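The values are calculated or read from the model by the stated rules, or taken from the named source; none is laboratory data. These figures come from a predicted structure and were not determined experimentally. For neighbour counting, all protein chains shown are included, and Cβ atoms are generated from backbone atoms with ideal geometry for every residue, glycine included. Ligands, DNA and RNA are stripped out before the accessible areas are found, and what is left, the full protein with its side chains, is counted by its heavy atoms. Shrake-Rupley method; radii C 1.70, N 1.55, O 1.52, S 1.80 Å.
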Amino acid sequence: MSSFKIAIIGAGSVGFTKKLFTDILCVPEFQDIEFALTDLSEHNLKMIKAILDRIVEANKLPTRVTATTNRRKAIEGAHYIISCVRVGGLEAYADDIRIPLKYGIDQCVGDTICAGGILYGQRNIPVILDFCKDIREVAEPGARLLNYANPMAMNTWAAIEYGKVETVGLCHGVQHGAEQIADILGAQSKEELDYICSGINHQTWFIDLRLRGRRIGKDELVAAFEAHPVYSRQEKLRIDVLKRFGVYSTESNGHLSEYLPWYRKRPEEITKWIDMSDWIHGETGGYLRYSTETRNWFETEFPQFLEAAAKPIDPARRSNEHASHILEALETGRIYRGHFNTKNTGIITNLPADAIIESPGFVDRFGINMVSGITLPEACAATCISSINVQRMAVHAAVKGDIDLLKLAVLHDPLVGAVCTPEEVWQMVDEMIVAQAQWLPQYAHAIDGAKERLRHKTVATREWKGVASRSVRSIEELRAEKAAVKQAAG
């Protein structure tokens, strides 16, 4: 097989890049290829390159690994480009959580929709479009972008509609949900459970479930979840949605709670539906806290990473992340079935044609071939459409730098609308774009006006830490911590 080049943007995500790399090298035909790593952090690039070089050396492979902070150079001649970036890092992310919380919007993750996810998209989309420009100009003709970065639907929407690059969005929510279902039903192996999952990213629904060929209905699934000693406590909200909608959602309790207008709208209600045993079950600002506390974990564990990298690659330990399986199918013709994010073109009959949907597809030499003609249960479609309408406005606002459309997108978010008045939304968005101005070049013309309006605030806010929070870190705390780390490093 001829060699090709894979560029990984945001390769400084050390653990995830290592996983993608070893997954891809589990394919025998892929040993003589090039990985071009790029990231804003030269320090992280040096660490991940050292780890990957050790893997190559230990396995006596002809694989080539390069690393550069020059993104365009990394993309030059690439056949595949993988994006796993977090624009603005934890500094910007802290404000995605902290500022909405002052207005009563209690988010667990805040990276998909809701106020935090919408602003995350505003930071990401201009950068995604820069990636696409480089891909069109210097990558191999017909190069594909594999997007792992959130907000998944908005990023993929922008890359396809405005970036004009063939793009697929990839997530692992479906796989994780299926693992839960296999567990509660007593499946002996993952092959015993078959399913069709369809919807939009992070609001995907198991609309057909079969265990060893036998269809599993709502009542059996509810009973199995309620009988489980762990999931019955950790997934109370998901189980409640299952009872009412008749189908199970792929997303974690914490994620799902912030996409709907019913469970996090009043402080006294939130604790009824979440579980504090781990952040992912609904903790206020849970993912921000987790990310902050583990932000430098690979620094302390770098020696262990290097030691593990010296071991032979074990194809049996290949992960269920889609990327390596998609590349294998495209390059070798071995068919792969998965769930992918792409533009809706008759794939789901009762969702808008321009939406980015997540649904089953098959990959072979001819590309990603989606299963068409799927119809969601009406409640699932209605919930997805509410988010799609927000995503559409948010994408168009990000591309045009339209502050009024951005505010309308936030206003129409299901959870925001359940909590805030229009005036609160307008003031909150002003506060967020001022705080994040350095990552929002398309709104440069609107910053002075937002500052002026904030000098004459009409809505009172309060420093609310959330009713289910261990610690919601402010941007000032993060900056102080960052400065202390730099000072300690000399």
Starting from the Cα gyration tensor of segment 421-470, take the square roots of the eigenvalues, sort them a ≥ b ≥ c, and report rounded, prolate or oblate (rounded when a/c is under 1.5, otherwise prolate if a/b is larger than b/c, else oblate). oblate
For the chain, give the percent of accessible area contributed by carbon and sulfur heavy atoms, probe 1.4 Å, rounded to a whole number. 51 percent
Considering all projection directions equally, how large on average is the shadow of the alpha-carbon convex hull of segment 265-382, in square nanometres? 12.2 nm²
Could you sort the peptides 123-136, 98-111 by per-residue average Cβ neighbour count (10 Å cutoff), highest mean leading? 98-111, 123-136
I need the phi-derived Karplus couplings for segment 300-306: 6.51 cos²θ - 1.76 cosθ + 1.60, θ = phi - 60°, integer Hz, Gly and Pro marked x. 6, 9, 4, x, 5, 4, 5
In whole Hz and in residue order, list the ³J(HN,Hα) couplings for segment 128-138 that follow from phi through the Karplus curve 6.51 cos²θ - 1.76 cosθ + 1.60, θ = phi - 60°; x for Gly and Pro. 4, 5, 5, 4, 4, 4, 4, 4, 4, 8, 10
Which shape class applies to segment 64-197: rounded if a/c is under 1.5, otherwise prolate when a/b exceeds b/c and oblate if not, where a ≥ b ≥ c are the square roots of the Cα gyration tensor eigenvalues? oblate
Whole-Hz Karplus couplings 3J(HN,Hα) for segment 233-246, θ = phi - 60° and coefficients 6.51, -1.76, 1.60, Gly and Pro as x, run 8, 7, 10, 4, 5, 4, 5, 5, 5, 4, 4, 7, 8, x
The chain shape via C-alpha gyration tensor axes, a/c threshold 1.5: rounded
What is the extension gain from Ser3 to His228, computed as 0.36 nm multiplied by their sequence separation minus the C-alpha to C-alpha distance, in nm to one decimal? 76.2 nm
Just to be sure I understand the model, the point goes 7 Å from the Cα along the line to the Cβ. What's the resulting Ser277 to Ile447 distance in nm? 4.6 nm
Cleavage-rule hits, GluC sites (Glu not before Pro), segment 152-211, DSSP coil, Cβ neighbours within 10 Å at most 16: Glu166
Whole angstrom only: what separates the Cα centroid of segment 159-218 from the Cα centroid of segment 1-74? 29 Å
Checked against a 22 Å limit on the C-alpha separation, the offending pairs among Lys102/Lys243; Lys73/Lys133; Lys46/Lys164 are Lys102/Lys243; Lys46/Lys164
Which value at 222 nm does the chain reach when only helices count, each DSSP H run of 4 or more adding -39,500 (n - 2.57), with the total divided by all residues and rounded to the nearest 500 deg cm²/dmol? -15000 deg cm²/dmol
Under 10 Å from the Cβ of Gln175, count the other residues' Cβ atoms, weight Lys and Arg +1, Asp and Glu -1, and hand me the total. -1
With the 8 Å Cα cutoff and a minimum separation of six or more residues, segment 165-211 has a relative contact order in percent of 30 percent
How large is the charge dipole for the chain, taken about the Cα centre, if only the Cβ atoms of Lys, Arg (+1) and Asp, Glu (-1) carry charge, to the nearest 20 debye? 220 debye
Just need the relative contact order of the chain here, percent rounded to a whole number, with Cα pairs under 8 Å and 6+ apart. 19 percent
Length-normalised contact order for segment 217-334 - Cα pairs under 8 Å, 6+ apart - percent: 16 percent
Just to confirm, what accessible area per residue do you get for the chain at 1.4 Å probe, in whole Å²? 40 Å²
